[in-house]
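Here the structure is laid out as structure tokens; the discussion comes afterwards.
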Amino acid sequence: MQEIYSSLFSNIDRLIERKDHVFMAIDGRSCSGKTTLARSIFEMYGCNVVHMDDFFLRPEQRTQERYLLPGGNSDRERLIGEVLGPLSLGLSVKYRRFDCKSMSLAEEKELSPRSLTVVEGSYSAHPELRRFYDICVFLDLSKELQLKRLSRRSDIDSEEYINRWLPLEESYLMALDIKNSCDIVIDCNMQ
């Protein structure tokens with residue numbers, strides 16, 4: 001793994017030595033490498049990885065009022081109730097991920113407590129979730145590089161993403177000062 005993450009891995013190692021169950025958030029701008037970093041951590045530690053994409057709002061939750069709240073477009077309540085709350089108590093959990101294609105909850109996933117649980121994705125370091133985490137990481141990226149990486153992705157409609165989802169994400173990041181509230185900030189512009 002790149003040297004840019006060596007300090008992060010040292011922090012994770014120290015936390016795991018001190019605690020039975022460590023919880024970590026990886027937040028940051030879209031296309032900054034959150035999922036890739038979580039995958040690398042999984043390969044190194046065999047940890048649980050929970051994706052914020054699995055906690056998009058269900059259709060009935062998608063109201064104008066909800067979208068006006070910074071970070072309101074994620075289902076934090078379900079993440080807390082079904083995953084973070086029980087896992088923090090040492091309990092196994094079952095939850096259903098949100099499927100964007102069918103706009104409904106999909107197959108069930110099961111997680112058992114492990115020494116490390118990583119929650120990755122935009123909105124993962126929301127203040128309402130912070131009480132569960134031992135460490136929060138922010139991956140920073142310039143707007144120019146973000147748009148360049150976004151143009152390479154085939155799994156999303158980039159026009160809708162740029163016009164709808166990026167402004168919501170940026171509003172969340174700015175309104176709640178997410179970058180400055182995280183324990184570690186990693187500049188991903190050089191990768």
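The values are calculated or read from the model by the stated rules, or taken from the named source; none is laboratory data. Please read these numbers as outputs of a predicted model, since none were measured by experiment. Cβ atoms come from the backbone with ideal geometry, glycine included; neighbour counts cover every protein chain shown.
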Log entry, pairs with first residue in segment 78-89 being over 16 Å from VAL49 (Cβ atoms), second being assigned to a helix (DSSP H, G or I) and at pLDDT below 95, beta carbons closer than 8 Å, six or more apart or on different chains, reads none
When THR35 is evaluated against the numbered criteria (1) of a type in the set (Ser, Thr, Tyr); (2) out of contact with any strand residue (DSSP E or B) (no Cβ under 8 Å at 6 or more places or on another chain); (3) closer than 22 Å to LYS101 by Cα, which criterion, by number, is the only one it fails? (2)
Mind listing just one residue for me: the one in segment 8-48 that is outside any helix (DSSP H, G or I) and aliphatic (A, V, I, L, M) and, of those, farthest from ILE162 (Cα to Cα)? VAL22
Looking only at segment 100-121, count how many residues are polar (S, T, N, Q), modelled with pLDDT of 95 or more and in a loop (DSSP other than H, G, I, E, B). 2
Of the residues in segment 174-191, those that are polar (S, T, N, Q) and not in a helix (DSSP H, G or I) come to ASN189, GLN191
Out of (1) loosely packed, with under 13 Cβ neighbours inside 10 Å; (2) within 19 Å of ILE178 (Cβ to Cβ); (3) among the hydroxyl-bearing types (Ser, Thr, Tyr), what's the single condition that is false for THR63? (2)
Run down VAL83, VAL137 and say which single residue is on the phi < 0 side of the Ramachandran plot, at pLDDT 95 or above, of a type in the set (Val, Ile, Thr) and not in a strand (DSSP E or B). VAL83
Output for Cβ contacts, cut-off 6 Å, separation at least six or different chains, first residue closer than 15 Å to ILE41 by Cβ in segment 8-27, second among the charged types (D, E, K, R) and part of a helix (DSSP H, G or I), reads ILE26/LYS34
